[in-house]
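Okay, structure first, notes after.
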Amino acid sequence: MNKEGLREWPYVVVAAAIIQWEGKILLTRRKLDVHQGGLWEFPGGKQEAGETLSECLQRELKEEIDIQVRALCPFYTLRHQYPEKEVELHFFTCSDFEGCPKPLECVEVAWVLPHELPSYEFPAADMRVLRELQKRWPE
């Protein structure tokens, strides 16, 4: 609590990629020993000090799944309050990348058809972007 008696939350800025290829979207599954472990997500990660969102996403995608994206297009931004922290998520779409995604800093990767997304368990923060994706790519 701060001196006004209000709870202070850690605030995290995250960049995530909605990577498309041959009509499918790339998902990664979080390691079990991390926040929201075992859930599926769009690859990406926390922004570091002095980093742009694009630089953050480039770095995270190389570290997490060993790909290099060439073009990112802003898609959706949201804020979500978890009991232990607040996150600001910036989602970008991408269909131009180099490399074959492989799980380096995640449990596994999966290419999913848009209508299959609801069958995967995501963190609560991702629910709004999933609804936006379903509007853009209905069955």
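The values are calculated or read from the model by the stated rules, or taken from the named source; none is laboratory data. Here the structure is a predicted model, which means the values were calculated and not measured. Note: ideal-geometry Cβ built from the backbone for every residue, glycine included; neighbour counts use all protein chains shown.
Given (1) among the aliphatic types (A, V, I, L, M); (2) farther than 19 Å from Gly23 by Cα; (3) surrounded by fewer than 16 Cβ atoms within 10 Å (Cβ to Cβ), identify the lone condition not met by Leu89. Of the numbered conditions (1) among the aliphatic types (A, V, I, L, M); (2) farther than 19 Å from Gly23 by Cα; (3) surrounded by fewer than 16 Cβ atoms within 10 Å (Cβ to Cβ), the odd one out for Leu89 is (3). Candidates Gly37, Gly50: the one that is assigned to a loop (DSSP other than H, G, I, E, B) and either under 23 Å from Glu116 (Cβ atoms) or of a type in the set (S, T, N, Q) (or both) is Gly37. As a summary of the residue check, Thr52 satisfies the conditions (1) exposed (fewer than 12 other Cβ atoms within 10 Å of the Cβ); (2) under 15 Å from Pro123 (Cα atoms) except for the one numbered (2).
Among the candidates Glu60, Glu64, Glu121, single out the residue that is assigned to a loop (DSSP other than H, G, I, E, B) and of a type outside the set (Lys, Arg). Of the residues listed, the single one that is assigned to a loop (DSSP other than H, G, I, E, B) and of a type outside the set (Lys, Arg) is Glu121. Mind checking whether some residue in the range 3-13 is among the aromatic types (Phe, Trp, Tyr) and modelled with pLDDT under 90? Scanning the range 3-13, I find at least one residue that is among the aromatic types (Phe, Trp, Tyr) and modelled with pLDDT under 90, so the answer is yes. Annotation note: Cβ proximity below 6 Å between a residue of the range 106-133 that is more than 11 Å from Trp40 (Cβ to Cβ) and a residue that is surrounded by fewer than 16 Cβ atoms within 10 Å (Cβ to Cβ) and among the acidic types (Asp, Glu) (sequence gap 6+ or interchain) occurs for His115/Glu139.
Among the residues of the range 65-75, is any charged (D, E, K, R) and within 18 Å of Leu39 (Cα to Cα)? No, the range 65-75 has no match at all. For the residues Arg79, Arg29, the requirement of being among the charged types (D, E, K, R), under 22 Å from Glu132 (Cβ atoms) and crowded, with 17+ Cβ neighbours inside 10 Å singles out Arg29.
Mind counting the residues in the range 92-105 that are within 15 Å of Trp40 (Cβ to Cβ) and at pLDDT 95 or above? Total meeting the criteria: 2.
In the range 68-86, the condition of being basic (Lys, Arg) and farther than 18 Å from Phe122 by Cβ is met by at least one residue. In the set Lys102, Lys62, which member is of a type in the set (D, E, K, R) and touching an Asp or Glu at 6+ places or on another chain (Cβ under 8 Å)? Being of a type in the set (D, E, K, R) and touching an Asp or Glu at 6+ places or on another chain (Cβ under 8 Å) holds for just one of Lys102, Lys62, which is Lys102.
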